[in-house]
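**Q** Here it is: the structure, laid out below.
The values are calculated or read from the model by the stated rules, or taken from the named source; none is laboratory data. Because the structure is a prediction, the values reported are computed rather than measured. For neighbour counting, all protein chains shown are included, and Cβ atoms are generated from backbone atoms with ideal geometry for every residue, glycine included.
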Amino acid sequence: MFSWIVLILSIALLLFAVGAGMKTHSWVKDAQSVEGTVVELVEKRKKKKKGGTRLTYAPRVSYVINGETKEFVSSQSSNPPDFKTGDTVRVAVNPAKDKECIATFGELYGFPVVGSCLGGALALGVLVIMNGDKVLRIMHPNLNG
């Protein structure tokens with residue numbers, strides 16, 4: 001029973017991650033690319049599971065589109081910071097959806113790639129374990145008998 005639950009959850013993770021990747025691809029396909037500048041590193045405090053807080057930094061990016069200057073804070077943060085104040089970055093902007101983000105592979109597709117790999121690997125592992133006797137006979141035909 002436990003194997004079936006893990007299999008279903010891992011397939012759900014795989015499908016969710018693939019769906020997120022497809023949604024991101026669709027969004028980026030319709031986005032414009034503009035140059036932006038990191039104007040500030042915003043401190044974000046994240047609570048640790050074992051108590052205390054962890055300090056991370058998210059870049060605040062300024063860019064110009066259609067003659068209008070706009071700013072946003074990235075949803076991703078890290079420590080040490082991935083960017084420095086003054087860095088030039090590529091920004092994907094979709095004015096129709098009122099959304100923008102720094103155009104890096106990790107920011108756009110980090111979750112879909114990691115989620116797909118984890119979900120797929122976990123599902124494959126569970127399937128192999130659930131069919132262990134068949135796999136064992138294929139791996140070691142000398143044990144048949």
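**Q** If you go through segment 116-129 one residue at a time, do you hit one that is out of contact with any helix residue (DSSP H, G or I) (no Cβ under 7 Å at 6 or more places or on another chain) and crowded, with 17+ Cβ neighbours inside 10 Å?
**A** No, every residue in segment 116-129 fails to be out of contact with any helix residue (DSSP H, G or I) (no Cβ under 7 Å at 6 or more places or on another chain) and crowded, with 17+ Cβ neighbours inside 10 Å.
**Q** Working only within segment 64-119, note down all residues that are over 19 Å from L41 (Cβ atoms) and of a type in the set (D, E).
**A** Of everything in segment 64-119, those that are over 19 Å from L41 (Cβ atoms) and of a type in the set (D, E) turn out to be E68, D98.
**Q** Output yes when any residue across segment 106-128 is of a type in the set (D, E) and out of contact with any strand residue (DSSP E or B) (no Cβ under 8 Å at 6 or more places or on another chain), and no when none is.
**A** no
**Q** Quick check on segment 1-35: of everything there that is polar (S, T, N, Q) and in a helix (DSSP H, G or I), which residue is farthest from G110 (Cα to Cα)?
**A** S3
**Q** Out of V93, V126, I need the residue that is at pLDDT 90 or above, of a type in the set (V, I, T), farther than 17 Å from S77 by Cβ and in contact with a Phe, Trp or Tyr (Cβ under 8 Å, 6 or more places away or on another chain). Which one?
**A** V93
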